[in-house]
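Report on one structure; see the data block that follows.
The values are calculated or read from the model by the stated rules, or taken from the named source; none is laboratory data. Just so you know, these numbers come straight off a predicted model, no measurement behind them. Using ideal geometry, Cβ is built from the backbone for each residue, glycine included, and neighbour counts are taken over all protein chains shown.
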Amino acid sequence: MAEGTEIKMADGTLLQIRNAAGKSIWTMGKTETKITRLRIFDTDGEEPLLVEMGGNWMTGTHFISVNRDPDTWCRALELPGSGWKGLGIHPKGLVYSVELNIDLHITLKGDILVATFGKEPHRQGYTKNVKFRLGTALRIRGLMKVQIIE
């Protein structure tokens, strides 16, 4: 997710992603969930493409809930009815990856549900050599790790 994206906190307020590490998030009544880590990446200016959804910017390949159903996910650029199909802007700065203390999604401004690293459907149970694989996958997408905030 890009700079300026806002995450819904446990008390219902919104907080910019860059300030969310260590904070409790909105979970629709589930157990207390905290953002344990933010990984910050710089982009090469070409990839990945970003799309805007309700004032939040995210990579087009980021997983988002379809109709706010936490059991149905698709990539942001493939969201049914979005009309984006291949559209997007080139990134201008930092993008963030959110890690939680449990495997759950986060809620953004506009009650948009997005996946965290462990929640992405094709990565469930993805633990073996995770640092190596994550680094490789991100470099392929044009992302270079800048910082980790815990």
Among (1) crowded, with 17+ Cβ neighbours inside 10 Å; (2) at pLDDT below 80, the one test that Ser97 misses | (2)
Say whether the condition of being assigned to a loop (DSSP other than H, G, I, E, B), at pLDDT below 80, of a type outside the set (S, T, N, Q) and under 23 Å from Asn19 (Cα atoms) is met by at least one residue in the range 66-85.
-> no
Leading residue by the ranking (modelled with the lowest pLDDT) among those in the range 2-43 that are in a helix (DSSP H, G or I) and exposed (fewer than 15 other Cβ atoms within 10 Å of the Cβ) | Arg18
Can you confirm whether the range 48-55 contains a residue that is of a type in the set (A, V, I, L, M, F, W, C), modelled with pLDDT of 85 or more and out of contact with any Lys or Arg (no Cβ under 6 Å at 6 or more places or on another chain)?
-> no
